Structure formats: C-alpha cells, structure tokens
Amino acid sequence: MRKAQSPKANPQSADRRAVEAWIPKALEVLSLALWRVEVIDDPSSNEDWADIEPHTQAFTATLRLSTDFWKQNRERQRLILTHEMLHLATHDYDRIVQNLEEALGKVAWSVLEPQVEDASERLVDYLANLLAPTMPALE
C-alpha cells in the first residue's frame, strides 16, 4: 500500500507483537489460514506503508512494514495490513500475469504490466476498505 514520504521512526516491540498476533487471526477470517506470514526487520520502501512478498511455491510470505506504518493509528494500520493480507488471495492471479512477460515480449509487456498492476492494487484496496472494519481489532 503506497504512502506519502515522511521522517523515520522506530517501531515499538509491543506494537510489533500486536501485528504478529493479529496476522493469524486475520488470515483465518479471510479464509487464508494456510498461509504463514513472517514480519521481517527489513523495512519496506519509502513508497509503501507495507509490502508483502508471497513465496511462489509455498503458502509462506514475508511482510515488511515501513517506519511510517508505525505512526498510523490502529484503524489505519488494520486497513494497511488487511490490504497486504488480501494480496495473498490474489497471488496466483498475479503470478499468471507475470508469467506472460516473456511470451508477450517487451513492447506488449510494457503496455500490459502497469495496467494489470494498477487494476490489481485497486481491487485489493477496494476489498480492504470493505473488509477492514470487520477484521479483528489490532490491539
């Protein structure tokens, strides 16, 4: 989920534990309980509040949270995290599209890829905004 740039801050360990405790509950609610998500200490880029990277052949993923993620209120954090968890639901679709790159060639891919990326982000964001209020509280 993209964000505006701002100064860095360090996450509190209690906040991180709250996120780590929230993830399995959220995955259960979203019918994604097969997935295991690890929060890693490598912050996401300056352009994103958070970034999830699913493994291509296993139900595992790594979640990176920017320093600005920790500055958001709990409701905003829940929305951001819901958005990232929903990327796990769209992972197979995203991989199918990515596998077209070589077959389509550079010119066709340069036209298709940004459109598919934007459409996927809009869909995930739409669903996150619908579902986040019904997700478990981030304590």
Conditions (1) under 25 Å from Ala137 (Cα atoms); (2) surrounded by fewer than 16 Cβ atoms within 10 Å (Cβ to Cβ); (3) of a type in the set (Ser, Thr, Tyr); (4) modelled with pLDDT under 90: number failed by Thr67: (2)
What number of residues within the range 20-58 are out of contact with any Lys or Arg (no Cβ under 6 Å at 6 or more places or on another chain) and under 20 Å from Met135 (Cβ atoms)? 23
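Table: residues versus (1) among the aliphatic types (A, V, I, L, M); (2) assigned to a helix (DSSP H, G or I); (3) surrounded by 14 or more Cβ atoms within 10 Å (Cβ to Cβ); (4) more than 15 Å from the chain's Cα centre (by Cα).
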position	(1), (2), (3), (4)
Leu32	yes, no, yes, no
Ile52	yes, no, yes, no
Glu75	no, yes, no, yes
His87	no, yes, yes, no
Leu112	yes, yes, yes, yes
Val116	yes, yes, yes, yes
Ala128	yes, yes, yes, no
Pro11 being at pLDDT below 90, in a loop (DSSP other than H, G, I, E, B), touching a helix residue (DSSP H, G or I) at 6+ places or on another chain (Cβ under 8 Å) and crowded, with 17+ Cβ neighbours inside 10 Å: yes
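The values are calculated or read from the model by the stated rules, or taken from the named source; none is laboratory data. Remember, predicted model here, so these are calculated numbers, not experimental data. Every residue, glycine among them, receives a Cβ derived from its backbone with ideal geometry; neighbour counts consider all protein chains shown.
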